[in-house]
Amino acid sequence: MIEKVDSDILSFLRAIYFGAYNNPYQAAASRAYLDMNRTIRFKGLEDDVRLALRKRVNKMLESDIKTLEVPSQADYDAWHKEICLKIQQEYKREGIEFTIGQSQKWVNMTIKYLYMIGADTFDDIFKYFHIPIDNYVFDIAQKVLGIKRPKIAWSRWESYDNQYMEYQKQLRSKIDMDPLRWEFKYWLLEARNR
């Protein structure tokens, strides 16, 4: 069920959370970066290099998401893996350890925020989107779905197939709606309970 919200209120809430933006793709990617950047170990990398690196990845996300057309879940999963690995390689080129867990969070939250901003409805592909994995999702999945919490923190996941995708598949097998819709619903309930 989608509830109607006054457009002025919605615009105000978007501006408070995402800032006054001209480019929703950059606003979404930048906000998504903030959701996971505390988990990055920069090892003294200079601020200007860090900023340039983040901007490169944000542009990559914008380009890849704008041109995203996939006819199936398998195609979306392949696209997702490819972009996560590309982001990981961008950081590794600068000598920074960057995990698949961090990549998935950046990609998945960017897409989630684009949907929230209203930059795209993603009508034909929304059902393929992944749940952004974090500690809230681990707790929710354990409480609601009975999926055991992984022993390794999401931000330390190295394997796309054996950690990240395996967990997504467990979620999909127990969720009876679009995964991202499920996450919207239950993440908010968990946040209210904390």
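The values are calculated or read from the model by the stated rules, or taken from the named source; none is laboratory data. The structure presented is a predicted model; accordingly, all values stated were derived computationally and were not measured. Because the Cβ atoms are built from the backbone with ideal geometry, glycine has one as well, and the counts that use them run over all protein chains shown. Protein only, heavy atoms only, side chains kept; ligands, DNA and RNA dropped before computing areas. Shrake-Rupley method; radii C 1.70, N 1.55, O 1.52, S 1.80 Å.
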Along principal axes, largest first, the alpha-carbon spread of region 78-182 in whole Å comes out as 41, 35, 22
Measure of exposure for Lys92: accessible area at 1.4 Å probe, Å² rounded to 10, is 90
Carbon/sulfur accessible area of the chain, % of total, 1.4 Å probe, equals 50
Computed ³J(HN,Hα) along region 61-67: with the Karplus parameters 6.51/-1.76/1.60, θ = phi - 60°, integer Hz and x for glycine or proline, the list is 4, 4, 4, 5, 6, 4, 9
Candidate cut points under GluC sites (Glu not before Pro) in region 16-110, DSSP loop plus at most 12 other Cβ atoms within 10 Å of their own Cβ, are Glu46, Glu69
Amide H proximity to Ser159 below 5 Å, modelled H, separation 5+ or other chain, gives Tyr164
Going residue by residue through region 183-194, the Karplus relation 6.51 cos²θ - 1.76 cosθ + 1.60 with θ = phi - 60° gives ³J(HN,Hα) values, rounded to whole Hz and with x marking Gly or Pro, of 5, 3, 5, 7, 4, 5, 4, 5, 4, 5, 7, 7
Loop-resident GluC sites (Glu not before Pro) in region 108-194 with no more than 16 other Cβ atoms inside 10 Å, DSSP not H/G/I/E/B, are Glu158
Sequence order, region 29-37: Karplus ³J(HN,Hα) from phi using 6.51 cos²θ - 1.76 cosθ + 1.60, θ = phi - 60°, Hz rounded, Gly and Pro as x, gives 5, 5, 5, 4, 4, 5, 6, 10, 5
Per residue, the convex hull enclosing the Cα atoms of region 23-93 spans a volume in Å³ of 98
